[in-house]
Amino acid sequence: MKYIICLLLLFATEHTQANSTNESIEVIKSLIPSLSGTTSKIKTLKCNYKKEKWAEALVTKNSFEEKLTFNPQCDFEGNFTVLMDKFFPLNLKIKDHPKFTNLKSQVKFEILFEEQPTLYMTIKNLELTGKESLSANFKYGIYMDILNKDPFKRHKGGELEILKVNKKTIKKKFPVNFQ
């Protein structure tokens, strides 16, 4: 399993705010490569995530190193150590995005046993920078059904909290569901 999270200068209208929210969601969605096939601005098809290591980490909680490099089908570059159940730093360069060139955040993956086992991705202190800037927090859940051919098919959804856009305080929350 492979995982890993936009703006206009003026926020005077709801249209501008909607664009910023949609672009932030697009960047965050691209951090979850199994979902990013629907995104057009950030390519992750050939980022060469270590699929087996991600699956192993879910079960064993073992950490591992991930290295992404730019190529024609990968718009992320950076090294990071994946940890389960703990926040780890994620710092990536972004290629060819019209507004952002860097992503910095703290990410945590954890499985919680609720009505159904659920894999949560939490991103805190997300900072997207470049021509524009955005800071946000994000939490998203995907139900786990290990007996299903696609064990992560059903999504619980989550929430994106936009904190600042171009240094302007926003503090608005938006529901997110990638299905």
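Things to note:
- Filtered by the rule that a residue be closer than 21 Å to residue 121 by Cα and of a type outside the set (Phe, Trp, Tyr), the range 165-179 gives 171, 172, 173, 175, 176, 177, 179.
- Across the range 95-132, the qualifying residues are those that are closer than 16 Å to residue 160 by Cα and among the polar types (S, T, N, Q), and the one among them that is surrounded by the most Cβ atoms within 10 Å (Cβ to Cβ) is 105.
Conditions tested, residue by residue: (1) of a type in the set (Gly, Ala, Ser); (2) outside any loop (DSSP other than H, G, I, E, B); (3) under 25 Å from residue 43 (Cβ atoms).
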site: 53; (1), (2), (3): no, yes, yes
site: 57; (1), (2), (3): yes, yes, yes
site: 106; (1), (2), (3): no, yes, yes
site: 111; (1), (2), (3): no, yes, no
site: 119; (1), (2), (3): no, yes, yes
site: 123; (1), (2), (3): no, yes, yes
site: 132; (1), (2), (3): no, no, yes
site: 170; (1), (2), (3): no, yes, no
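Here, each number is a calculation from the coordinates, and none is a lab measurement. Predicted model only: the values in this text are computed from it and were never measured. Cβ coordinates were reconstructed from backbone atoms using ideal geometry, including for glycine residues, and neighbour counts include every protein chain displayed.
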